[in-house]
Amino acid sequence: MAVCIAVIAKENYPLYIRSVPTENELKFHYTVHTSLDVVDEKISAMGKALVDQRELYLGLLYPTEDYKVYGYVTNSKVKFVMVVDSSNTALRDNEIRSMFRKLHNSYTDIMCNPFYNPGDCIHSRAFDNMVTSMMMQVC
Amino acid sequence: MSRQAGRGTESKKMSSELFTLTYGALVTQLCKDYENDEDVNKQLDKMGYNIGVRLIEDFLARSSVGRCHDFRETADVIAKVAFKMYLGITPSITNWSPAGDEFSLILENNPLVDFVELPDNHSSLIYSNLLCGVLRGALEMVQMAVDVKFVQDTLKGDSVTEIRMKFIRRIEDNLPVGEE
């Protein structure tokens, strides 16, 4: 269902980015990169409210012709960005939310791996598998 | 010979994440301090040994198990009482050697390795080697020399974690005169 999933560090550099293998992977990188501005905007717009309600899910960041971009930001300001095919209309907001939740849990597990240094790129088989399963699901 | 009040046989609760992360921090620090994995394994074993020789006192006082008459009984106590008490798991005992001096402890899930993924450059690290040391140290204090080693590890892609224990010999104490 998802065509591209990215994890962005607090300082806005990518920790992890993966997309379905196509000829223009770069386009997804570009899409994700563009979305970061929207993420920042959303965070500052929500400002206090976000902190108070602990709502981590940012919702739809922006739609493009073919894709929809969703965002999620943890309390430590790590961002998850997911690009979804627009043609997949069956995908509900709730499902996106639970996918992000799963992503977040998986990310937490990585952080707890003693061999992972916070801030490094993510090279984890478990995380890879989880992301792959998310990309496969309803494809 | 009772221990102080409030410290009976009941097991105390502890955050498993804290426990796992503490052990993880210990192992990664050792990996930084030593050049190669063999040295880390050795160090973990040594630390485990030092834990074991102390822990056995605590174990005997709290569990009130009696003397074991053969190695099978020892195996049962280790799996069903000791592991339960200190790690909250009950490994199963299998693969007895015909002579009855060697068996395997199968750990379905090892609380030490939650979250852990071994990086490629540490392929020969035996992450949970501390356990071997603990078992060796503890049994040495009750006059049993054993050889303990990991033969399977979920971290290395095996489906279960298997610890192999081999009885080597009884350590004969020079008992004081007049004691049995």
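Computed with every protein chain present, the accessible area of residue B:124 is close to 50 Å² [probe 1.4 Å]. Return P(r) of region A:1-88 (all Cα-Cα pairs; 5 Å bins starting at 0; whole %; ordered from short to long distances). P(r) over region A:1-88, rounded to whole percents: 3, 15, 28, 24, 16, 10, 4, 1, 0. The spacing between region B:133-156 and region B:27-52, judged by their C-alpha centroids, is 15 Å. Normalised by the number of residues in region A:2-137, the average gap of Cα pairs under 8 Å and 6 or more apart makes the relative contact order 27 percent. Could you calculate the FRET efficiency of residue A:98 with residue B:29 from 1/(1 + (r/R0)^6), where r is the beta carbon distance between them and R0 is 45 Å, rounded to 0.05? That pair, residue A:98 with residue B:29, gives E of 0.75.
Label separation (residue B:77 vs residue A:132): 4.7 nm, computed from points 7 Å beyond Cα along the C-beta direction.
Relative to one another, the C-alpha centroids of region A:64-93 and region B:62-78 are positioned 57 Å apart. Only protein atoms count toward the accessible area here, which uses a 1.4 Å probe; on the protein assembly as shown, the carbon and sulfur part of that area reaches 52 percent. In terms of distances greater than 27 angstrom between alpha carbons, the cross-link table entries A:10/B:156; B:13/B:149; B:42/B:166 yield A:10/B:156; B:13/B:149.
The values are calculated or read from the model by the stated rules, or taken from the named source; none is laboratory data. None of these values were measured; they are calculated from a predicted model. Counting neighbours? That spans all protein chains shown, and the Cβs are built from the backbone with ideal geometry, glycine included. Note: accessible area is taken over every heavy atom of the protein model, side chains too, but ligands, DNA and RNA are not part of it. Shrake-Rupley method; radii C 1.70, N 1.55, O 1.52, S 1.80 Å.
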